[in-house]
Amino acid sequence: MITVIVNGEARALDKAISVDELARSLGAGPTGVAVAVNDEVVARSAWAATEVGDGDRVEVLGAMQGG
């Protein structure tokens, strides 16, 4: 079991997973979303290859339209 901090909240995961898997588990779509791991933005093209591990801090941000 590992613990990651997602948007400021601790989450227990069975094992390390990719950014892509984590984003999908949170209901984040493939567009309009940015993800940062330990304060580093992860390019969408790297989500599948970037692993989230024990103690990592992840921010998942959705685009907002203003007006």
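The values are calculated or read from the model by the stated rules, or taken from the named source; none is laboratory data. It should be emphasised that the depicted structure is a prediction, and the values quoted were computed from it without experimental measurement. For neighbour counting, all protein chains shown are included, and Cβ atoms are generated from backbone atoms with ideal geometry for every residue, glycine included.
Data for the structure
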item: Flag if V60 is at pLDDT below 95 and in a strand (DSSP E or B); result: yes
item: Close pairs (8 angstrom Cβ cut-off, 6 or more residues apart or separate chains): assigned to a strand (DSSP E or B) in region 30-44, of a type in the set (S, T, N, Q) anywhere; result: V37/T50; V42/T50
item: Of all residues making up region 54-67, the number that are exposed (fewer than 13 other Cβ atoms within 10 Å of the Cβ) and touching a residue at least 40 places away in the same chain (Cβ under 8 Å); result: 2
item: Candidate set from region 1-34 (those that are among the hydroxyl-bearing types (S, T, Y) and closer than 20 Å to A63 by Cα); member that is surrounded by the most Cβ atoms within 10 Å (Cβ to Cβ); result: S25
item: Answer residue from region 3-27, given it is under 9 Å from the mean Cα position of the chain (by Cα) and part of a loop (DSSP other than H, G, I, E, B) and is modelled with the lowest pLDDT among those; result: L26
